[in-house]
1. So which pairs qualify, if the first residue must be in segment 46-60 and more than 22 Å from residue 129 (Cβ to Cβ), the second must be crowded, with 19+ Cβ neighbours inside 10 Å and modelled with pLDDT of 80 or more, the Cβ gap must be under 6 Å, and the two must be at least 6 apart or on different chains?
2. Does residue 70 satisfy the criteria of being surrounded by 16 or more Cβ atoms within 10 Å (Cβ to Cβ) and at pLDDT below 75?
3. On the given criteria, is residue 102 at pLDDT 90 or above and touching a helix residue (DSSP H, G or I) at 6+ places or on another chain (Cβ under 9 Å)?
4. Looking only at segment 1-38, which residues are modelled with pLDDT of 70 or more and exposed (fewer than 10 other Cβ atoms within 10 Å of the Cβ)?
5. Just checking, which of 195, 212 is part of a loop (DSSP other than H, G, I, E, B) and on the phi > 0 side of the Ramachandran plot?
6. With respect to the numbered conditions (1) crowded, with 18+ Cβ neighbours inside 10 Å; (2) under 15 Å from residue 86 (Cβ atoms), which one is the sole condition not fulfilled by residue 218?
């Protein structure tokens, strides 16, 4: 059975696990009177609803694990845990095409004075399956177009055909599973629209023959607040086609982007 998890975010203008046990307990070997044994048994983990350990930061020495405008991270065995809210720069209502960049998120410097006040937009996922094959794919799709509830006019205004380009992607591993981090060969710039899911990361090192890489918590960042070559403020781009003047009025339009983690490519 194919394992898939979906989680939706917004933009603004249990499979049974088998316990891994050691050999059965046995009496000490009388022929080795100076040799003792140590034993530990591993059992299936019980997950809470939410993961309180925070966002995986790209730089643990300078960046906070919390966003100021954050949502709770989900916890589980195999899932998309959460993502930053995309807030695009305001634009003048127009009859023509629109291009706008998403602002970096605002990080919460709650524990260290040297934490930078912002970071790039991100999506975080987790694979804690007890398996030797950690092949998976992370995709995104606009599942609800940009809409504005125009209460003054008594109607919902819709913008169709929008595309969001997630550029400058960077795969970051939690410090506790850094050694299991897959290579970045499967990460790519993705153009996300309303028609077809677009792949952001495909784990090409998940199979046992390639080292079974990929278990643990990971985040994909789009841009880097500390790297001028990958500007966080110019990494997530919204493009809206022209000829929608009657739908573009003063107001905040909100869309829904659904992220999916699938154990095999969609």
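The values are calculated or read from the model by the stated rules, or taken from the named source; none is laboratory data. Source: prediction; values computed, not measured. Positions of Cβ are backbone-derived with ideal geometry, glycine not excepted, and every protein chain shown enters the neighbour counts.
1. 58/172; 58/221
2. On the way: surrounded by 16 or more Cβ atoms within 10 Å (Cβ to Cβ): yes; at pLDDT below 75: yes.
Yes, satisfied.
3. Here the answer is yes, as residue 102 does meet what is asked.
4. If the condition is that a residue be modelled with pLDDT of 70 or more and exposed (fewer than 10 other Cβ atoms within 10 Å of the Cβ), then 31, 32, 33, 34, 35, 36, 38 are the ones that fit.
5. Within the list 195, 212, the selection yields 212.
6. With respect to (1) crowded, with 18+ Cβ neighbours inside 10 Å; (2) under 15 Å from residue 86 (Cβ atoms), residue 218 is out only on (2).
Table: residues versus (1) modelled with pLDDT of 95 or more; (2) over 15 Å from the mean Cα position of the chain (by Cα); (3) within 30 Å of residue 263 (Cβ to Cβ); (4) surrounded by 18 or more Cβ atoms within 10 Å (Cβ to Cβ).
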residue: 140; (1), (2), (3), (4): yes, no, yes, yes
residue: 143; (1), (2), (3), (4): yes, yes, yes, no
residue: 150; (1), (2), (3), (4): no, yes, no, no
residue: 159; (1), (2), (3), (4): no, yes, no, yes
residue: 164; (1), (2), (3), (4): yes, yes, yes, yes
residue: 171; (1), (2), (3), (4): yes, no, yes, yes
